[in-house]
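Heads up, the thing below is written out as structure tokens.
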Amino acid sequence: MVKLTGLKKIKTAVFISGTGSNLKNLIKFSKIKNSPISIDLIFSNTSKAKGLRFSNQFNIKKYVSNFKSAKIAETKILNLLNKENIKFICLAGFMRILSKSFINEFNGKIVNIHPSLLPKYKGLNTHIKAIQNKDKVAGCTIHFVTAKLDSGKIILQKKIKILKKDTPTSLAKKVLRQEHKLYPLAIKKIFN
Ligand code: GAR
């Protein structure tokens, strides 16, 4: 794993597809003195991602490329990541699957946040599944990204109680609040 050398923060890109609340949270964390990372690039596979607005707000470069051809998009991103000297990637609500060859280029340097207690509920609709199955606990996971979907080594997890009154929407909100606490902790754990 990359280690923090001297006082320089590790140049990091955040990949998003939507609202970007985890992105905003990571940007705020990156500005804290003892944060190991700086956020230097925001990538989205869609120009509709609301989170792209944080590019202007925090003066961070952004780049959009749709994944109609994943191969072309990934080649463009890789060129940009190398040009910007990016050493670490945080997936934060990024809803596309990266290819094995892309992941190999950044081996051990891509992490993802997933809204379930992996290995339970890989993929989509995690909160609906948890409620339909009458689970008592839900949660979120930060893990390293490998070529196998939502299956890389787990860095940190947080459990959240599911109440009888919870709906997929209320559960998603509760889990998201915990995601915002967990992502910075996981990054500190990786680099410290
Ligand atoms: C988060 O709940 C994140 O865990 C989830 O998307 C949401 C993004 O919210 N990610 C996945 O489902 C990845 N498979 P945000 O855009 O507000 O950070």
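Here are a few things to note about the model shown:
- Net charge of neighbours whose Cβ lies under 11 Å from the Cβ of Ile155, counting Lys and Arg as +1 and Asp and Glu as -1: +3
- Built amide H within the under 5 Å cut-off of Ile162, gap 5+: Val137, Ala138
- The chain - mean residue ellipticity at 222 nm from DSSP helices (-39,500 (n - 2.57) per run, n ≥ 4, rounded to 500): -10500 deg cm²/dmol
- Alpha-carbon centroid distance for the pair region 23-71 / region 140-192, whole angstrom: 19
- Percent of Cα pairs exceeding the 31 Å cut-off, where the set is the chain: 14
- If the segment from Asn82 to Lys61 were pulled out straight at 0.36 nm per residue, it would be longer than the present Cα-Cα gap by 6.2 nm.
- Both numbers refer to the Cα atoms of region 135-192; Rg and Dmax are 12.9, 40 Å.
- Tilt relative to the chain, helix 70-83 - C-alpha long axis, 0 to 90 degrees, to 10: 60
- Per-residue ³J(HN,Hα) for region 179-192, Karplus 6.51 cos²θ - 1.76 cosθ + 1.60, θ = phi - 60°, Hz, x for Gly and Pro: 4, 5, 7, 6, 4, x, 4, 5, 5, 4, 4, 5, 9, 9
Bear in mind that the values in this text are calculations on the coordinates, not laboratory data. Worth saying up front: this structure is predicted, and the values here are computed from it rather than measured. So basically every Cβ, Gly included, is an ideal-geometry build from the backbone, and we count neighbours across all protein chains shown.
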